[in-house]
Amino acid sequence: MTEFISFDDVLAELMLEEEHPTQEALVRWQERYPQYREALANFFETWAGQEALSDLPQAHIDEEKIVRKGVDYALDILQKQGRLISPESIGSLGEYDQLVLTTVYLLHGKGHPATITAKVGQMTGKRALLGSIFVSLERLEMKGLVSSRYADPAIEPEADTRRYFTVTLSGERALAHARETSAVVARFLPDFA
């Protein structure tokens, strides 16, 4: 009857009967199933090795340290690529640039110079000048606080030269700083984090 039993069946039976991989147990199983003598020896050797490893103290993984190192590494890459701005340049934004940056943020990527001009005028209650908006957008883009893209002619054929502006990650940092220091920005971004 033992001639037709598979090795998997032998292992299933072995695991139900044995608690640990001892030499005596190996000899007993090899006598019971001589056709699997070599396979049983290999199994017991692997089993004993696994038990020995499970007795070793487990290494503590400091996940916070790993995350910190990853973030530091990513920030270092962004710094080398010139994609991070210094806190000094954030603080040096004038009130008008802060207002324009806030407006670009509020328009969620759908703001072009004309709509930004109208929104700034609405926010301040004064007529805004398109030329001043262009100058401010240029400054903000040079500082990496906004990015622009041209309209897609397939979607907007009448506006193929229109530029839309979006706040960058650095621009969001600048907005967070501006919100803390400017009552005007804080008024328009009450829930900005």
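Tabulated results
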quantity	calculated
Residue in region 183-192 that is closer than 16 Å to GLY94 by Cα, touching a Leu at 6+ places or on another chain (Cβ under 8 Å) and not aromatic (Phe, Trp, Tyr) present	yes
Residue list for region 144-193, restricted to those being modelled with pLDDT of 80 or more, part of a loop (DSSP other than H, G, I, E, B) and more than 17 Å from GLY111 (Cβ to Cβ)	GLY144, PRO153, ALA154, SER182
Leading residue by the ranking (surrounded by the fewest Cβ atoms within 10 Å (Cβ to Cβ)) among those in region 89-117 that are closer than 17 Å to SER182 by Cβ and of a type in the set (D, E, K, R)	GLU95
Qualifying positions in region 113-130 - closer than 16 Å to PHE165 by Cβ, assigned to a helix (DSSP H, G or I) and not basic (Lys, Arg)	PRO113, ALA114, THR115, ILE116, THR117, ALA118, VAL120, MET123, LEU130
The one condition in (1) of a type in the set (Gly, Ala, Ser); (2) under 24 Å from PHE188 (Cα atoms); (3) exposed (fewer than 14 other Cβ atoms within 10 Å of the Cβ) that GLY70 fails to fulfil	(2)
Looking only at region 118-147, and only at residues there that are among the β-branched types (Val, Ile, Thr) and within 34 Å of the chain's Cα centre (by Cα), the one that is surrounded by the fewest Cβ atoms within 10 Å (Cβ to Cβ)	VAL135
Within region 148-161, considering residues that are in contact with a strand residue (DSSP E or B) (Cβ under 8 Å, 6 or more places away or on another chain) and either loosely packed, with under 15 Cβ neighbours inside 10 Å or among the β-branched types (Val, Ile, Thr) (or both), the one farthest from LEU101 (Cα to Cα)	ASP160
Inter-residue pairs, beta-carbon under 6 Å, first in the same structural domain as VAL100 (by TED's automatic domain parsing) and in region 113-137, second of a type in the set (D, E, K, R) and in a helix (DSSP H, G or I), 6+ apart	SER136/ASP97
Check on LEU93, over 30 Å from ASP191 (Cβ atoms) and of a type in the set (A, V, I, L, M)	no
Residue match in region 105-114 (condition: at pLDDT below 95, hydroxyl-bearing (Ser, Thr, Tyr) and in contact with a strand residue (DSSP E or B) (Cβ under 7 Å, 6 or more places away or on another chain))	yes
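The values are calculated or read from the model by the stated rules, or taken from the named source; none is laboratory data. Computed from a predicted model, the values in this text were never measured in an experiment. Glycine also receives a Cβ, built like all others from the backbone with ideal geometry; neighbour counts cover every protein chain displayed.
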